[in-house]
Amino acid sequence: MCDVRPAPRVKRYIRASDAEIGSAPESQGRTVVWDSFWDFLWSTILVFAFIAYLIILWHIIVDLFRDRDTSGWKKAIWVVFLIIFPYLTSIVYLIGRGKGMTERQIAAAEQAKAAGDDYIRSVAGSSPTQQIATAKSLLDSGAISAQEFETLKAKALAS
């Protein structure tokens with residue numbers, strides 16, 4: 001006749017201490033994540049490990065695309081394996097290519113420093129001594145007259 005089925009039971013996670021003090025209705029339907037200090041500590045360790053892994057993954061990907069000796073297919077295979085087996089591939093990459101990774105990082109840092117130094121030299125003005133020496137070489141080559149040399153010398157000494 002009438003098919004009556006009991007309502008499905010909902011699984012609720014309630015700490016025993018909540019039930020004892022009578023606050024169980026407030027926490028019904030919610031999962032308690034950190035029951036103790038050790039649960040909190042374990043969660044903190046997991047979050048730290050995940051963030052450390054993301055940093056390592058970023059360094060590996062940057063190193064892959066910085067390496068000019070590795071072909072595009074090899075780079076693609078490394079990226080695919082980083083997606084499929086992330087931790088294992090990261091460990092293998094760091095062990096197998098760690099020394100080259102360090103060398104490429106050092107070369108990139110030296111290149112960035114040289115570019116910065118060149119930019120600073122190009123923007124910074126030359127010293128009065130350098131300006132006078134340049135003007136003297138122009139005077140000696142006959143490109144400027146003695147009066148022009150004296151004008152450039154006065155400008156250099158004024159600055």
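The values are calculated or read from the model by the stated rules, or taken from the named source; none is laboratory data. Bear in mind that the values here come from a model prediction, so they are computed numbers and not experimental data. Every residue, glycine among them, receives a Cβ derived from its backbone with ideal geometry; neighbour counts consider all protein chains shown. These accessible areas exclude ligands, DNA and RNA; they are computed on the full protein's heavy atoms, side chains included. Shrake-Rupley method; radii C 1.70, N 1.55, O 1.52, S 1.80 Å.
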Item to complete: Could you check, for the stretch 80-87, whether at least one of its residues is open to solvent by less than 90 Å² (accessible area, probe 1.4 Å), in contact with a Ser or Thr (Cβ under 7 Å, 6 or more places away or on another chain) and at pLDDT 90 or above?
Response: yes
Worksheet entry | Within the stretch 45-79, tally of residues that are among the hydroxyl-bearing types (Ser, Thr, Tyr) and surrounded by 11 or more Cβ atoms within 10 Å (Cβ to Cβ) | 2
Practice prompt. Could you check, for the stretch 63-84, whether at least one of its residues is assigned to a helix (DSSP H, G or I), under 21 Å from ILE106 (Cα atoms) and among the aliphatic types (A, V, I, L, M)?
Written response: yes
Practice prompt. Could you check, for the stretch 102-119, whether at least one of its residues is out of contact with any Gly (no Cβ under 6 Å at 6 or more places or on another chain), over 30 Å from ALA49 (Cα atoms), open to solvent by 60 Å² or more (accessible area, probe 1.4 Å) and outside any helix (DSSP H, G or I)?
Written response: no
